[in-house]
Amino acid sequence: MDRFNNTSQGTKPSGADITLGFIPLIDSAPFIIAKEKGLFEKEGVDVVLSKEASWASIRDKVTFNLLQGAHMLASMPLATSLGIGSANKVKIQTSFTVSQNGNGITVSNNLYQLMYSCCDAFQALRSGHALKLAIRHRSAQGDLLKFAVVYPYSSHHYQLRDWLSRAGIDPDNDVQIIVVPPTKMMGYLRSGEIDGYCVGEPWNSLAVEQGIGHMLVTGYEIWGNTPEKVLGANLQWANENEEEHYALIRALDKACKWVDDENNLEELLNILSHPDYLNCPAAQLRYGFSAIKPSGQFDWPMEAYQKFSSDKINRPNPQYALWLLGQMHRWHQLPVASSLINVANNTFNDDIYCRALRIDHPRKLKPLIGSYEESEWLDLIKADKVRVHPKGIEFGFVYL
Amino acid sequence: MHSKTSQLPLTVMLVDNEPARAAIVEQALLDNGYKVIRRLENTQNLTRAVQESLPDMVIIDIESPDRDMLENMSQLTRNNPRPIVMFAEENESTSMEAAIRAGVSAYVVDGMQPNRFKPILQVAIARFREFQALRLELETIKTQLEDRKLIDKAKGLIMKHQGCDEAAAYKALRKLAMDRSQRMSEVALNVISVMNLMGEVE
């Protein structure tokens, strides 16, 4: 069996069987805990973690098997498998979701003041209608308001666009959307380089705490409960190393339980803050896991917090994959679309999850899009006639 | 299909926070007759720089945290006539793999013929590899220097403890190393730790 040890160029040398990449964000916690608590080892796999500098680097290294798998945005296995945003149409599969929710949209103090002066109704500020008025108000200025997201193929990007367009704001022409690494978001907001962002925690809570901005709405309020990060694996590697892949899933499943256990919070923060991992003060990470959030203009609904463990959270849901593909299509990333249902089912693999965790009865999903033809369904997506059920993707879609 | 414009030399932007490597790559590209329009060591204004310079190709260190920013540009600039995308040709996967293994990532203007950018990529890959080898060599030299320091220190301790001269101390160390089939530096380290235990080191 090829152990893929010929990775000494361009990546960290490793004598281990499996190298997994991660981006130093709070939702990489299950990977770090599985390593630090010896959970990979207990499952009989020798895993090295490799801290990566960008999602692009994660994608490229998993594509060429320099990394066998990685902490990924849920959209990445789909985009990569379809060959959008990169040259190589290499199959990346996910059979385990590591986290759910945790995103929020925050605007700068200046923008908030302008929005407030246009319309001070609580609901209008949260729904984006005040933003629409603000945009109209400043339209004479010429330059567009700038919003940042973490990656073009991300829930943050699609949630922001969805929120804007529901308020009657055209995300393509009324604002400018750029990509900024999460760790730089607050600095950009403070300096006025951007006017708002959609990002995961702790960057919304910290902006509120430090008086840099106002968080308006959470991802939960836009889409309900939806997956956030996943374990993405090189499909060829996963096919040739089934047992190892199962072992990774089992170890991460245990790690997710550990992360969600409140009793472990202090130890978790200590481990994550280590220079090898997130390399920051432990206190900075607290908002990512704790039920206590800084009090701002608007509160976080309990459901909006990032969670890591339960069968509903961890089991891949092809319906969500289809939703993301629909978003890619809606926002011009996926021009030609066909066999999306196959892509969704193959890329978000429920079956492997059940086999790895020895769950007997795979959840039977209804036909993903009811009786619609794929092209019809995509038209509905484009026209914003399909939404995720307000409680979350677990409950399917609602048609307007 | 060769239009007139396709005969113009490609313009390349280099983004690398490793100034030495950037200089090597730039020189190699110039030597091969390519044009480097801009070399960025600081990616603060990467987006603006790309918009201003409109390069045909961007070569960037795979470990740069700013790649995600760059990847968004093809989306951002939908109305821009020169969007930047990863190689569009699927059959380029071998050269892509070589690039990624060497730590090079590259972006080209959509629709560009692979035969135009491939030689440039080849040059970059070669220089990145060369640089990698150089760095490895430097590390080896650094280790050797540290080894020598250890050996000198152990020699000094033996001379003091045994009241012997340098040559005798060196001979003793070498004999130990040969007997145990260990490296001189390992033996030196052992000697230093033992002396340390015995309180011989300050």
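What the table below lists for this structure:
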{"read-out": "Strands (runs of 3 or more DSSP E) (entirely within the stretch A:149-228) containing at least 2 residues that are more than 14 Å from every other protein chain (Cβ to nearest Cβ)", "value": "A:196-200, A:213-218"}
{"read-out": "Only one of B:Glu137, B:Glu130 that is within 26 Å of the chain's Cα centre (by Cα), loosely packed, with under 13 Cβ neighbours inside 10 Å and part of a helix (DSSP H, G or I)", "value": "B:Glu137"}
{"read-out": "The listed residue being at pLDDT below 85 and hydrophobic (A, V, I, L, M, F, W, C), out of B:Met112, B:Met159", "value": "B:Met112"}
{"read-out": "In the stretch A:308-352, the residues that are farther than 25 Å from A:Asn103 by Cα and either touching a strand residue (DSSP E or B) at 6+ places or on another chain (Cβ under 7 Å) or assigned to a helix (DSSP H, G or I) (or both)", "value": "A:Leu340, A:Ile341, A:Asn342, A:Val343, A:Asn345, A:Asn346, A:Asp351, A:Ile352"}
{"read-out": "Conditions (1) surrounded by fewer than 16 Cβ atoms within 10 Å (Cβ to Cβ); (2) farther than 24 Å from A:Met72 by Cα; (3) of a type outside the set (A, V, I, L, M); (4) free of Cβ contacts under 8 Å to residues at least 40 places away in the same chain; number of the one not met by A:Glu374", "value": "(1)"}
{"read-out": "Matching residues in the stretch A:66-85 - criterion: being farther than 30 Å from A:Gly392 by Cα, facing chain B (nearest Cβ under 10 Å) and in contact with a helix residue (DSSP H, G or I) (Cβ under 6 Å, 6 or more places away or on another chain)", "value": "none"}
{"read-out": "Residues located in the stretch A:184-193, provided they are surrounded by fewer than 24 Cβ atoms within 10 Å (Cβ to Cβ) and touching a residue at least 12 places away in the same chain (Cβ under 8 Å)", "value": "A:Met186, A:Tyr188, A:Arg190, A:Gly192, A:Glu193"}
{"read-out": "Unmet criterion (only one of (1) at pLDDT below 85; (2) buried (at least 16 other Cβ atoms within 10 Å of the Cβ); (3) at positive phi) for B:Ser95", "value": "(3)"}
{"read-out": "Unmet requirement for B:Gln144, which otherwise passes all of (1) within 32 Å of the chain's Cα centre (by Cα); (2) crowded, with 17+ Cβ neighbours inside 10 Å", "value": "(2)"}
{"read-out": "Checking B:Ala88 against (1) more than 21 Å from B:Asp61 (Cα to Cα); (2) small (Gly, Ala, Ser); (3) at pLDDT below 55, the condition it does not meet", "value": "(1)"}
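Residue-by-condition table, conditions (1) in a strand (DSSP E or B); (2) closer than 11 Å to B:Arg127 by Cβ:
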| position | (1), (2) |
| --- | --- |
| B:Ala22 | no, yes |
| B:Val25 | no, yes |
| B:Leu30 | no, no |
| B:Val36 | yes, no |
| B:Arg39 | yes, no |
| B:Asn42 | no, no |
| B:Ala49 | no, no |
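Each row is one residue, and each column tells you yes or no for (1) buried (at least 18 other Cβ atoms within 10 Å of the Cβ); (2) of a type in the set (S, T, N, Q).
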position	(1), (2)
A:Asp143	no, no
A:Val150	yes, no
A:Gln159	yes, yes
A:Ser165	no, yes
A:Ser205	yes, yes
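The values are calculated or read from the model by the stated rules, or taken from the named source; none is laboratory data. Nothing here was measured: the structure is a model prediction, and the numbers come from that model. Note that we place each Cβ from the backbone using ideal geometry, even for glycine, and neighbour counts take in every protein chain shown.
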